[in-house]
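Below is one structure, written out as structure tokens, with a few remarks after it.
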Amino acid sequence: MFLWYLANQNSFRELSDKFDVSQGAAHKVIVEVLDLTCLLASSFITWPTHCEKRTNAVLFRRACGIDGIVGAIDGCHIRIQLLGDTAYIAQTYPFIITPKRDNGALTVDDQQLNARISRGRVVVEQAFGRLKCKWRRLRDLSNTRVDIMVKIIVAACALHNMCTGLGEGTCNEHPHGCPREDDENQ
């Protein structure tokens, strides 16, 4: 029931019908398994080891031609109510390489660097696409309490990493990457 809940956008009424339990029982099961999954999340959501950083640097060098890159960062839109955010990339984070804004005055070197950064970031963009393709609950968390929203996001990320570690990193429906262009909720 929990995996179905994360993989779909059914209401608790629909879940209770599908799994032949009361709505209250469905809600209780989902919240309890969310809590347990979040407790286990640190086993599946980790920073790379020194060895993984070296391997990642080689792979990113091949992909985008920039030395010393060990990971990529991106944002993913998850529809929620009554929350907003500001850009977190700023001079506060000098270790994050960001493309320069194209205000029409970029040099050829700046344009080439932006293209190389974009080639490197595609890894994380595709990961978010696979995450939201497999765990469709992330497409819309409206009318969900904020504390539960956080647990749903953490649980989906942990399960995503767990599945990837078990060799289930690709989506059977979209073996070449889950589509995001038609997803208004990127």
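The values are calculated or read from the model by the stated rules, or taken from the named source; none is laboratory data. No experiment lies behind these values; they were computed from the predicted model shown. All Cβ positions, glycine included, derive from the backbone under ideal geometry; neighbour counts span all protein chains shown. These accessible areas exclude ligands, DNA and RNA; they are computed on the full protein's heavy atoms, side chains included. Shrake-Rupley method; radii C 1.70, N 1.55, O 1.52, S 1.80 Å.
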- Out of (1) within 16 Å of Asn161 (Cα to Cα); (2) modelled with pLDDT under 90; (3) touching a helix residue (DSSP H, G or I) at 6+ places or on another chain (Cβ under 7 Å), the odd one out for Cys38 is which? (2)
- Query: What tally of residues in the range 27-55 results from selecting those that are among the hydrophobic types (A, V, I, L, M, F, W, C), more than 30 Å from Asp67 (Cα to Cα) and open to solvent by less than 80 Å² (accessible area, probe 1.4 Å)?
  - Reply: 7
- If you check every pair at least six apart or on different chains, which have Cβ atoms under 9 Å apart with a residue in the range 136-148 that is open to solvent by 40 Å² or more (accessible area, probe 1.4 Å) and in a helix (DSSP H, G or I) first and a residue that is at pLDDT 90 or above and not polar (S, T, N, Q) second? Arg136/Leu6; Arg136/Ala7
- Message: Checking the conditions here, which among Arg61, Arg101 is open to solvent by 70 Å² or more (accessible area, probe 1.4 Å) and at pLDDT below 85?
- Response: Arg101
- Note on the structure: Ser11 fails exactly one of (1) open to solvent by 70 Å² or more (accessible area, probe 1.4 Å); (2) hydroxyl-bearing (Ser, Thr, Tyr); (3) over 20 Å from the mean Cα position of the chain (by Cα), namely (1)
- So which of Ala115, Ala105, Ala127 ends up being part of a helix (DSSP H, G or I) and more than 21 Å from the chain's Cα centre (by Cα)? Ala115
- Does any residue in the range 5-32 that is within 18 Å of Leu141 (Cα to Cα) come within less than 8 Å, Cβ to Cβ, of a residue that is outside any loop (DSSP other than H, G, I, E, B) and acidic (Asp, Glu) six or more places away or on a different chain, and which pairs are these? Gln9/Asp140
- Select from the range 22-50 the residues that are polar (S, T, N, Q) and under 21 Å from Met1 (Cβ atoms) and list them in ascending order. Ser22, Gln23, Thr37
- Determine which single condition Gly24 fails, assuming it passes every other condition in (1) out of contact with any helix residue (DSSP H, G or I) (no Cβ under 8 Å at 6 or more places or on another chain); (2) open to solvent by 80 Å² or more (accessible area, probe 1.4 Å). (2)
- Query: Just checking, which of Leu106, Leu82 is closer than 26 Å to Ile66 by Cα and modelled with pLDDT of 60 or more?
  - Reply: Leu106
- Do we find that Ala158 is at pLDDT 90 or above, in contact with a helix residue (DSSP H, G or I) (Cβ under 8 Å, 6 or more places away or on another chain) and more than 20 Å from Asn10 (Cα to Cα) in this structure? yes
